[in-house]
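The values are calculated or read from the model by the stated rules, or taken from the named source; none is laboratory data. All of these numbers come straight from a predicted model, not from anything done at the bench. Using ideal geometry, Cβ is built from the backbone for each residue, glycine included, and neighbour counts are taken over all protein chains shown.
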Amino acid sequence: MKKALFVYALALLALASCSKDADIENPKKEEVPDNIDHTDSKEWLSPLTVASYNIEFDTGGDNPWSNRKELVKRVFDKYTLDIAGVQEPSKKQLEDMLALMPQYGLVGTDVRGETTVENRLTVTIFYKKDRIEIEDWGTFWLSETPTEASRGWDAAQSRICTWAKARDKNTQKEFYFFSTHLDHVGTEARTKGAQLLLDTIPKITAGYPALLTGDFNSNQNTSYYKSMVSSANIKDTYTLTKNKINAVRGTFNYYDIDQSASTNYRIDHIFVTATPEVKINRWGIYTDVFPGGKYPSDHFPVIVDVSFLK
(Lines give C-alpha, C1' and ligand atoms only; values in the text may rest on other atoms or scores of the structure.)
Protein backbone atom coordinates (compact mmCIF):
# COMPACT_ATOMS: atom_id res chain seq x y z
CA MET A 1 0.00 0.00 0.00
CA LYS A 2 1.55 3.29 -1.02
CA LYS A 3 0.82 6.71 0.40
CA ALA A 4 1.51 10.21 -0.89
CA LEU A 5 0.07 13.59 -0.11
CA PHE A 6 -1.02 14.28 -3.63
CA VAL A 7 -1.89 12.05 -6.44
CA TYR A 8 -1.84 12.61 -9.94
CA ALA A 9 -2.00 11.09 -13.29
CA LEU A 10 -3.93 10.24 -16.34
CA ALA A 11 -3.79 7.18 -18.44
CA LEU A 12 -1.97 6.82 -21.73
CA LEU A 13 -5.08 4.96 -22.75
CA ALA A 14 -7.15 7.86 -21.48
CA LEU A 15 -9.50 8.12 -24.40
CA ALA A 16 -10.40 4.49 -23.95
CA SER A 17 -11.51 5.11 -20.40
CA CYS A 18 -14.33 7.53 -21.21
CA SER A 19 -17.48 6.48 -19.42
CA LYS A 20 -19.42 6.52 -22.66
CA ASP A 21 -18.28 2.89 -22.86
CA ALA A 22 -19.81 2.09 -19.49
CA ASP A 23 -22.04 -0.92 -19.05
CA ILE A 24 -25.57 0.32 -19.75
CA GLU A 25 -28.60 -1.89 -19.45
CA ASN A 26 -32.11 -0.95 -20.42
CA PRO A 27 -33.89 0.97 -17.68
CA LYS A 28 -36.85 -0.43 -15.84
CA LYS A 29 -39.45 1.41 -13.87
CA GLU A 30 -37.70 2.19 -10.60
CA GLU A 31 -39.41 1.51 -7.33
CA VAL A 32 -37.73 3.41 -4.54
CA PRO A 33 -38.32 1.58 -1.27
CA ASP A 34 -39.97 3.68 1.38
CA ASN A 35 -37.43 2.70 4.03
CA ILE A 36 -37.16 6.16 5.54
CA ASP A 37 -38.08 6.81 9.14
CA HIS A 38 -40.57 9.67 8.81
CA THR A 39 -41.03 9.90 12.58
CA ASP A 40 -37.35 10.23 13.39
CA SER A 41 -36.83 11.49 16.93
CA LYS A 42 -33.08 10.85 17.09
CA GLU A 43 -30.54 13.61 17.58
CA TRP A 44 -28.38 14.22 14.53
CA LEU A 45 -25.14 16.14 14.08
CA SER A 46 -24.84 19.02 11.62
CA PRO A 47 -24.76 17.69 8.04
CA LEU A 48 -21.80 17.26 5.74
CA THR A 49 -22.06 17.94 2.01
CA VAL A 50 -20.54 14.98 0.20
CA ALA A 51 -19.95 14.48 -3.53
CA SER A 52 -18.82 11.99 -6.12
CA TYR A 53 -17.41 13.74 -9.17
CA ASN A 54 -15.72 12.30 -12.24
CA ILE A 55 -13.71 15.24 -13.62
CA GLU A 56 -12.63 14.21 -17.08
CA PHE A 57 -8.93 14.17 -17.87
CA ASP A 58 -7.74 16.78 -20.35
CA THR A 59 -8.35 15.42 -23.83
CA GLY A 60 -8.13 18.84 -25.49
CA GLY A 61 -10.55 19.07 -28.40
CA ASP A 62 -13.71 21.09 -27.86
CA ASN A 63 -13.54 20.80 -24.05
CA PRO A 64 -9.95 21.46 -22.98
CA TRP A 65 -9.09 21.66 -19.31
CA SER A 66 -8.16 25.32 -19.74
CA ASN A 67 -11.85 26.03 -20.41
CA ARG A 68 -13.13 23.80 -17.62
CA LYS A 69 -10.98 24.33 -14.55
CA GLU A 70 -12.66 27.55 -13.44
CA LEU A 71 -16.05 25.87 -13.88
CA VAL A 72 -15.00 23.01 -11.61
CA LYS A 73 -14.06 25.58 -8.98
CA ARG A 74 -17.47 27.20 -9.36
CA VAL A 75 -19.20 23.87 -8.73
CA PHE A 76 -17.16 23.23 -5.56
CA ASP A 77 -17.85 26.78 -4.36
CA LYS A 78 -21.54 26.80 -5.25
CA TYR A 79 -22.35 23.62 -3.35
CA THR A 80 -19.79 24.17 -0.56
CA LEU A 81 -18.56 20.60 -0.77
CA ASP A 82 -17.02 19.37 2.46
CA ILE A 83 -15.55 16.15 1.08
CA ALA A 84 -15.62 14.69 -2.43
CA GLY A 85 -14.48 11.55 -4.19
CA VAL A 86 -12.86 12.73 -7.43
CA GLN A 87 -12.00 10.38 -10.27
CA GLU A 88 -9.81 10.75 -13.38
CA PRO A 89 -8.00 14.13 -13.44
CA SER A 90 -4.30 14.22 -14.26
CA LYS A 91 -1.47 15.47 -12.08
CA LYS A 92 -1.59 18.88 -13.76
CA GLN A 93 -5.36 19.10 -13.33
CA LEU A 94 -5.09 18.27 -9.63
CA GLU A 95 -2.40 20.91 -9.20
CA ASP A 96 -4.63 23.47 -10.93
CA MET A 97 -7.57 22.57 -8.70
CA LEU A 98 -5.52 22.99 -5.53
CA ALA A 99 -4.19 26.33 -6.78
CA LEU A 100 -7.72 27.56 -7.55
CA MET A 101 -9.18 26.14 -4.33
CA PRO A 102 -6.56 26.55 -1.59
CA GLN A 103 -9.19 25.82 1.05
CA TYR A 104 -9.06 22.17 -0.04
CA GLY A 105 -6.52 19.43 0.51
CA LEU A 106 -6.39 16.06 -1.18
CA VAL A 107 -5.18 12.54 -0.65
CA GLY A 108 -4.89 9.78 -3.18
CA THR A 109 -2.67 8.28 -5.84
CA ASP A 110 -2.60 7.43 -9.50
CA VAL A 111 -3.66 4.00 -10.64
CA ARG A 112 -0.08 2.71 -10.34
CA GLY A 113 0.40 4.09 -6.84
CA GLU A 114 2.77 6.82 -8.01
CA THR A 115 2.77 10.61 -7.65
CA THR A 116 5.00 12.06 -10.37
CA VAL A 117 3.78 10.61 -13.66
CA GLU A 118 1.76 13.01 -15.80
CA ASN A 119 -0.34 10.75 -17.97
CA ARG A 120 -2.31 8.44 -15.73
CA LEU A 121 -5.77 8.37 -14.22
CA THR A 122 -6.09 9.27 -10.55
CA VAL A 123 -8.57 8.50 -7.80
CA THR A 124 -8.52 11.06 -5.01
CA ILE A 125 -10.42 12.55 -2.10
CA PHE A 126 -10.75 16.33 -1.83
CA TYR A 127 -11.60 17.71 1.59
CA LYS A 128 -12.23 21.18 3.00
CA LYS A 129 -9.39 21.78 5.40
CA ASP A 130 -11.34 23.91 7.88
CA ARG A 131 -14.03 21.22 8.23
CA ILE A 132 -12.31 17.87 7.73
CA GLU A 133 -9.14 16.37 9.18
CA ILE A 134 -7.67 13.29 7.50
CA GLU A 135 -6.34 10.96 10.19
CA ASP A 136 -5.18 8.15 7.92
CA TRP A 137 -5.51 7.09 4.31
CA GLY A 138 -4.46 4.48 1.81
CA THR A 139 -5.07 2.80 -1.53
CA PHE A 140 -5.88 -0.71 -2.66
CA TRP A 141 -6.14 -2.18 -6.13
CA LEU A 142 -9.23 -3.76 -7.62
CA SER A 143 -7.38 -6.92 -8.60
CA GLU A 144 -6.32 -10.35 -7.43
CA THR A 145 -3.43 -8.66 -5.56
CA PRO A 146 -5.05 -5.63 -3.92
CA THR A 147 -1.98 -4.58 -1.92
CA GLU A 148 0.24 -4.39 -5.01
CA ALA A 149 0.08 -2.10 -8.03
CA SER A 150 -1.71 -4.34 -10.49
CA ARG A 151 -4.36 -4.69 -13.17
CA GLY A 152 -7.17 -7.05 -12.29
CA TRP A 153 -8.97 -9.73 -14.28
CA ASP A 154 -10.05 -8.43 -17.73
CA ALA A 155 -9.73 -4.71 -16.92
CA ALA A 156 -8.43 -2.41 -19.64
CA GLN A 157 -6.22 -0.68 -17.08
CA SER A 158 -5.36 -0.66 -13.40
CA ARG A 159 -8.21 0.36 -11.10
CA ILE A 160 -7.97 1.46 -7.48
CA CYS A 161 -9.91 2.57 -4.45
CA THR A 162 -8.60 5.40 -2.27
CA TRP A 163 -9.82 5.54 1.32
CA ALA A 164 -9.47 7.97 4.20
CA LYS A 165 -10.32 7.98 7.87
CA ALA A 166 -11.77 11.44 8.41
CA ARG A 167 -12.86 13.54 11.37
CA ASP A 168 -15.46 16.29 11.19
CA LYS A 169 -13.84 19.18 13.07
CA ASN A 170 -17.22 20.69 13.90
CA THR A 171 -18.66 17.60 15.56
CA GLN A 172 -15.58 15.42 16.22
CA LYS A 173 -17.35 12.56 14.43
CA GLU A 174 -15.00 10.06 12.79
CA PHE A 175 -15.96 8.23 9.61
CA TYR A 176 -14.42 6.56 6.59
CA PHE A 177 -14.61 7.79 3.02
CA PHE A 178 -13.89 5.79 -0.15
CA SER A 179 -13.43 6.90 -3.76
CA THR A 180 -13.19 4.44 -6.65
CA HIS A 181 -13.51 4.01 -10.41
CA LEU A 182 -14.53 0.66 -11.86
CA ASP A 183 -13.30 -0.44 -15.27
CA HIS A 184 -15.22 0.60 -18.36
CA VAL A 185 -14.37 -2.51 -20.43
CA GLY A 186 -13.88 -5.61 -18.32
CA THR A 187 -17.11 -7.26 -17.20
CA GLU A 188 -15.29 -9.65 -14.89
CA ALA A 189 -13.32 -6.71 -13.51
CA ARG A 190 -16.54 -4.89 -12.65
CA THR A 191 -18.12 -7.98 -11.07
CA LYS A 192 -15.11 -8.93 -8.98
CA GLY A 193 -14.11 -5.34 -8.32
CA ALA A 194 -17.54 -4.68 -6.80
CA GLN A 195 -17.22 -7.80 -4.65
CA LEU A 196 -13.73 -6.79 -3.55
CA LEU A 197 -15.10 -3.45 -2.38
CA LEU A 198 -17.82 -5.20 -0.39
CA ASP A 199 -15.27 -7.53 1.19
CA THR A 200 -12.58 -4.94 1.90
CA ILE A 201 -14.51 -1.95 3.24
CA PRO A 202 -15.65 -3.65 6.50
CA LYS A 203 -12.08 -4.77 7.19
CA ILE A 204 -10.82 -1.19 6.93
CA THR A 205 -13.67 0.58 8.71
CA ALA A 206 -13.94 -1.75 11.72
CA GLY A 207 -17.48 -0.64 12.51
CA TYR A 208 -17.16 3.08 11.77
CA PRO A 209 -19.75 4.55 9.40
CA ALA A 210 -18.50 4.87 5.84
CA LEU A 211 -19.36 6.44 2.49
CA LEU A 212 -18.35 4.91 -0.84
CA THR A 213 -18.26 7.25 -3.83
CA GLY A 214 -17.29 6.61 -7.40
CA ASP A 215 -17.77 6.20 -11.10
CA PHE A 216 -18.95 2.61 -11.23
CA ASN A 217 -19.44 2.55 -15.01
CA SER A 218 -22.67 0.71 -14.20
CA ASN A 219 -26.19 2.02 -13.94
CA GLN A 220 -28.76 0.92 -11.39
CA ASN A 221 -30.08 -1.85 -13.63
CA THR A 222 -26.80 -3.73 -14.05
CA SER A 223 -25.72 -6.85 -12.21
CA TYR A 224 -22.69 -4.99 -10.81
CA TYR A 225 -24.84 -2.35 -9.15
CA LYS A 226 -27.31 -4.95 -7.91
CA SER A 227 -24.51 -6.96 -6.34
CA MET A 228 -23.61 -3.89 -4.30
CA VAL A 229 -27.08 -3.06 -3.03
CA SER A 230 -28.07 -6.68 -2.43
CA SER A 231 -25.40 -6.82 0.26
CA ALA A 232 -26.64 -6.42 3.80
CA ASN A 233 -23.75 -4.05 4.49
CA ILE A 234 -24.29 -1.21 2.02
CA LYS A 235 -27.09 0.99 0.71
CA ASP A 236 -27.43 3.45 -2.16
CA THR A 237 -28.06 6.92 -0.75
CA TYR A 238 -30.54 7.43 -3.60
CA THR A 239 -32.93 5.06 -1.84
CA LEU A 240 -32.58 6.63 1.60
CA THR A 241 -34.30 9.96 1.10
CA LYS A 242 -37.37 11.31 -0.62
CA ASN A 243 -35.67 14.69 -1.02
CA LYS A 244 -34.18 14.20 -4.49
CA ILE A 245 -33.01 16.61 -7.18
CA ASN A 246 -32.95 15.39 -10.80
CA ALA A 247 -33.87 11.89 -9.68
CA VAL A 248 -34.77 10.81 -13.22
CA ARG A 249 -31.53 11.99 -14.83
CA GLY A 250 -28.21 10.31 -15.40
CA THR A 251 -24.77 11.48 -14.32
CA PHE A 252 -22.92 10.96 -17.61
CA ASN A 253 -23.57 13.89 -19.95
CA TYR A 254 -20.86 13.63 -22.64
CA TYR A 255 -20.94 17.46 -22.77
CA ASP A 256 -24.60 17.42 -23.80
CA ILE A 257 -27.30 17.79 -21.15
CA ASP A 258 -29.75 15.80 -23.27
CA GLN A 259 -27.45 12.79 -22.91
CA SER A 260 -28.24 12.75 -19.19
CA ALA A 261 -32.01 12.84 -19.66
CA SER A 262 -32.32 9.13 -18.81
CA THR A 263 -31.42 7.27 -15.64
CA ASN A 264 -29.79 4.83 -18.06
CA TYR A 265 -26.72 7.02 -17.54
CA ARG A 266 -26.77 7.17 -13.75
CA ILE A 267 -23.37 5.50 -13.43
CA ASP A 268 -21.91 7.54 -10.56
CA HIS A 269 -23.14 6.58 -7.11
CA ILE A 270 -22.73 7.32 -3.42
CA PHE A 271 -23.23 4.34 -1.15
CA VAL A 272 -23.30 4.29 2.63
CA THR A 273 -22.73 1.48 5.08
CA ALA A 274 -26.01 0.07 6.31
CA THR A 275 -26.17 1.59 9.76
CA PRO A 276 -28.78 3.57 11.71
CA GLU A 277 -26.00 6.04 12.53
CA VAL A 278 -26.28 7.76 9.13
CA LYS A 279 -29.15 9.81 7.71
CA ILE A 280 -29.36 11.12 4.14
CA ASN A 281 -31.11 14.49 4.10
CA ARG A 282 -30.83 15.23 0.38
CA TRP A 283 -29.64 13.50 -2.79
CA GLY A 284 -29.09 15.16 -6.14
CA ILE A 285 -27.48 15.19 -9.56
CA TYR A 286 -26.47 18.80 -10.19
CA THR A 287 -26.67 19.68 -13.86
CA ASP A 288 -24.86 23.01 -14.05
CA VAL A 289 -24.25 24.22 -17.60
CA PHE A 290 -22.44 27.54 -17.82
CA PRO A 291 -22.82 30.41 -20.33
CA GLY A 292 -21.91 29.42 -23.84
CA GLY A 293 -22.97 25.83 -23.18
CA LYS A 294 -19.80 25.12 -21.17
CA TYR A 295 -19.52 22.05 -18.95
CA PRO A 296 -17.00 21.40 -16.16
CA SER A 297 -16.83 17.70 -17.08
CA ASP A 298 -18.49 14.94 -19.06
CA HIS A 299 -20.12 13.84 -15.80
CA PHE A 300 -22.40 15.72 -13.46
CA PRO A 301 -21.63 15.42 -9.74
CA VAL A 302 -23.77 13.44 -7.33
CA ILE A 303 -24.12 15.41 -4.09
CA VAL A 304 -25.72 14.31 -0.83
CA ASP A 305 -26.20 15.91 2.57
CA VAL A 306 -25.29 13.41 5.27
CA SER A 307 -25.91 13.56 9.02
CA PHE A 308 -24.36 11.26 11.59
CA LEU A 309 -26.09 10.21 14.78
CA LYS A 310 -25.12 12.34 17.78
Mind checking which residues of the stretch 108-142 are within 19 Å of the chain's Cα centre (by Cα) and among the hydroxyl-bearing types (Ser, Thr, Tyr)? Thr109, Thr122, Thr124, Tyr127, Thr139
Can you tell me how many residues in the stretch 134-149 are touching a residue at least 24 places away in the same chain (Cβ under 8 Å) and surrounded by fewer than 16 Cβ atoms within 10 Å (Cβ to Cβ)? 3
Please find, within the stretch 251-300, the residue that is surrounded by the fewest Cβ atoms within 10 Å (Cβ to Cβ) out of those that are of a type in the set (Gly, Ala, Ser) and either in contact with a Ser or Thr (Cβ under 8 Å, 6 or more places away or on another chain) or within 28 Å of Phe175 (Cα to Cα) (or both). Ala274
Of all residues in the stretch 40-65 being in a loop (DSSP other than H, G, I, E, B) and among the hydroxyl-bearing types (Ser, Thr, Tyr), which is modelled with the highest pLDDT? Ser46
Considering the stretch 247-257, residues that are in contact with a helix residue (DSSP H, G or I) (Cβ under 8 Å, 6 or more places away or on another chain) and assigned to a loop (DSSP other than H, G, I, E, B), and then whichever is farthest from Gln220 (Cα to Cα), we arrive at Tyr254
Residues being at positive phi and among the hydroxyl-bearing types (Ser, Thr, Tyr) - total across the stretch 202-259: 2
Which numbered condition Val304 fails, given (1) surrounded by fewer than 17 Cβ atoms within 10 Å (Cβ to Cβ); (2) of a type in the set (A, V, I, L, M); (3) within 28 Å of Trp137 (Cα to Cα): (1)
Counting only residues in the stretch 184-219 that are out of contact with any helix residue (DSSP H, G or I) (no Cβ under 7 Å at 6 or more places or on another chain), of a type in the set (S, T, N, Q) and outside any strand (DSSP E or B), the one farthest from Pro276 (Cα to Cα) is identified as Thr187
Scan of the stretch 167-183 for residues that are surrounded by 24 or more Cβ atoms within 10 Å (Cβ to Cβ) and either part of a loop (DSSP other than H, G, I, E, B) or not aromatic (Phe, Trp, Tyr) (or both), ordered by number: Ser179, Thr180, His181, Leu182, Asp183
Could you pull out the residue among Lys128, Lys69, Lys92, Lys78 that is in contact with a helix residue (DSSP H, G or I) (Cβ under 6 Å, 6 or more places away or on another chain) and either under 20 Å from Asp305 (Cα atoms) or not aromatic (Phe, Trp, Tyr) (or both)? Lys69
Taking the residues in the stretch 116-133 that are in contact with a Leu (Cβ under 8 Å, 6 or more places away or on another chain) and in a loop (DSSP other than H, G, I, E, B) as candidates, determine which candidate is surrounded by the most Cβ atoms within 10 Å (Cβ to Cβ). Leu121
Can you find a residue in the stretch 97-113 that is at negative phi, part of a loop (DSSP other than H, G, I, E, B), at pLDDT 95 or above and among the polar types (S, T, N, Q)? yes
Here is a check on your reading of the model: is Ala99 closer than 21 Å to Val272 by Cα and aliphatic (A, V, I, L, M)? no
Within the stretch 188-195, is even one residue out of contact with any strand residue (DSSP E or B) (no Cβ under 7 Å at 6 or more places or on another chain) and modelled with pLDDT under 95? no
